[in-house]
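Asker: Following this message is one structure expressed as structure tokens.
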Amino acid sequence: MPPVSPYHVTTVTQGLSTVALCPQAAPGRAATCAKVSAMTNERRAVGAYGERLAERHLQDQGLVVLERNWRCGDGEIDLILRDGPAIVFCEVKTRRGDTYGTPAEAISPTKIKRLRRLAARWLTERHVRPREVRFDVVAVVAQPKGPARVEHLRAAF
């Protein structure tokens, strides 16, 4: 017998564009539902794919991964690495094409400010005082056929 999932699909609309997942309620309690967009799941999958490629690419370049997807209440840093004496905070942007610009072009001045704040917080929380701090960007463009394009922008901002 297959394992019982704590969730069951209660609604499917417009060709799986939205799925409502509801935990099975305890006796006498109503179940609360959360809607999950299929498009959001697809974007997350593309982003996770890009982060895996970026991590592998950076490791091949000799960088050492310290943390992946470090989160706090103010946001997230995709990759935190060591490159010799430098600590590198890396933003990974993945796109499925260049129709809406390159992945690196999607990093706004607001995002840059947030990443700088997050980096300062990570350094403070870890009591790390590196000789050099660098902010890199890895732009990944998934191709319909063949391998993805990976571009590493060192000291991007």
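The values are calculated or read from the model by the stated rules, or taken from the named source; none is laboratory data. Just so it is clear, the structure is predicted and the values come from calculations on it, not from any experiment. Cβ coordinates were reconstructed from backbone atoms using ideal geometry, including for glycine residues, and neighbour counts include every protein chain displayed.
Asker: In the stretch 115-157, what residues are under 16 Å from Tyr49 (Cβ atoms), hydrophobic (A, V, I, L, M, F, W, C) and free of Cβ contacts under 8 Å to residues at least 60 places away in the same chain? Please lay out each step first, then the result.
Answerer: Initial filter on the stretch 115-157 (under 16 Å from Tyr49 (Cβ atoms)): 138-151.
Restricting the remaining residues to those that are hydrophobic (A, V, I, L, M, F, W, C) gives 138-142, 148, 150.
Selection gives Ala139, Val141.
Asker: Quick one: is Ile77 hydrophobic (A, V, I, L, M, F, W, C) and either closer than 20 Å to Val150 by Cβ or loosely packed, with under 11 Cβ neighbours inside 10 Å (or both)? If you could, list the steps in order and put the result at the bottom.
Answerer: Numbers: hydrophobic (A, V, I, L, M, F, W, C): yes; either closer than 20 Å to Val150 by Cβ or loosely packed, with under 11 Cβ neighbours inside 10 Å (or both): yes.
It is true that Ile77 is hydrophobic (A, V, I, L, M, F, W, C) and either closer than 20 Å to Val150 by Cβ or loosely packed, with under 11 Cβ neighbours inside 10 Å (or both).
Asker: With (1) free of Cβ contacts under 8 Å to residues at least 40 places away in the same chain; (2) of a type in the set (Val, Ile, Thr); (3) outside any strand (DSSP E or B) as the list, and Ile112 as the residue in question, which single condition is left unmet?
Answerer: That leaves (1) as the condition not met.
Asker: Also, quick follow-up: Can you work out which of the residues in the stretch 130-149 that are part of a loop (DSSP other than H, G, I, E, B) and of a type in the set (A, V, I, L, M, F, W, C) is modelled with the lowest pLDDT?
Answerer: Looking only at the stretch 130-149, we keep the residues that are part of a loop (DSSP other than H, G, I, E, B), and these are 130-131, 142-148.
Filter again for of a type in the set (A, V, I, L, M, F, W, C), leaving 142, 148.
Values: Ala142: 90, Ala148: 93.
Looking at residues that are part of a loop (DSSP other than H, G, I, E, B) and of a type in the set (A, V, I, L, M, F, W, C), I get Ala142.
Asker: Can Thr11 be described as more than 23 Å from Leu123 (Cα to Cα), surrounded by fewer than 14 Cβ atoms within 10 Å (Cβ to Cβ), among the hydroxyl-bearing types (Ser, Thr, Tyr) and at pLDDT below 90? It would help to see each step written out before you state the result.
Answerer: On the way: more than 23 Å from Leu123 (Cα to Cα): yes; surrounded by fewer than 14 Cβ atoms within 10 Å (Cβ to Cβ): yes; among the hydroxyl-bearing types (Ser, Thr, Tyr): yes; at pLDDT below 90: yes.
So Thr11 fits the description; yes.
Asker: On to the next question. Any idea which residue in the stretch 140-157 is surrounded by the most Cβ atoms within 10 Å (Cβ to Cβ), counting only those that are under 19 Å from Arg116 (Cβ atoms) and among the small types (Gly, Ala, Ser)? Write out each step before concluding.
Answerer: Quick first cut of the stretch 140-157, residues under 19 Å from Arg116 (Cβ atoms) only: 153-157.
Of the ones still in play, those that are also among the small types (Gly, Ala, Ser) are 155-156.
On the way: Ala155: 11, Ala156: 16.
Among those that are under 19 Å from Arg116 (Cβ atoms) and among the small types (Gly, Ala, Ser), it is Ala156.
Asker: Which one is surrounded by the fewest Cβ atoms within 10 Å (Cβ to Cβ) among residues in the stretch 40-74 that are assigned to a strand (DSSP E or B) and among the charged types (D, E, K, R)?
Answerer: Within the stretch 40-74, the subset assigned to a strand (DSSP E or B) is 64-72.
Within this subset, residues satisfying the condition of being among the charged types (D, E, K, R) are 67-68, 71.
On the way: Glu67: 14, Arg68: 13, Arg71: 10.
By that ranking, first place goes to Arg71.
Yes or no, residue by residue, for (1) among the hydrophobic types (A, V, I, L, M, F, W, C); (2) modelled with pLDDT of 95 or more:
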{"position": "Ala31", "(1), (2)": "yes, no"}
{"position": "Asn41", "(1), (2)": "no, no"}
{"position": "Leu58", "(1), (2)": "yes, yes"}
{"position": "Arg68", "(1), (2)": "no, yes"}
{"position": "Arg96", "(1), (2)": "no, no"}
{"position": "Gly101", "(1), (2)": "no, no"}
{"position": "Glu105", "(1), (2)": "no, no"}
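Asker: Here is a further query. Please specify each residue of the stretch 55-83 satisfying the condition of being at negative phi and of a type in the set (Gly, Ala, Ser).
Answerer: Our first condition is that a residue be at negative phi; within the stretch 55-83, this holds for 55-61, 63-68, 70-74, 76-83.
Residue satisfying the conditions is Gly73 alone.
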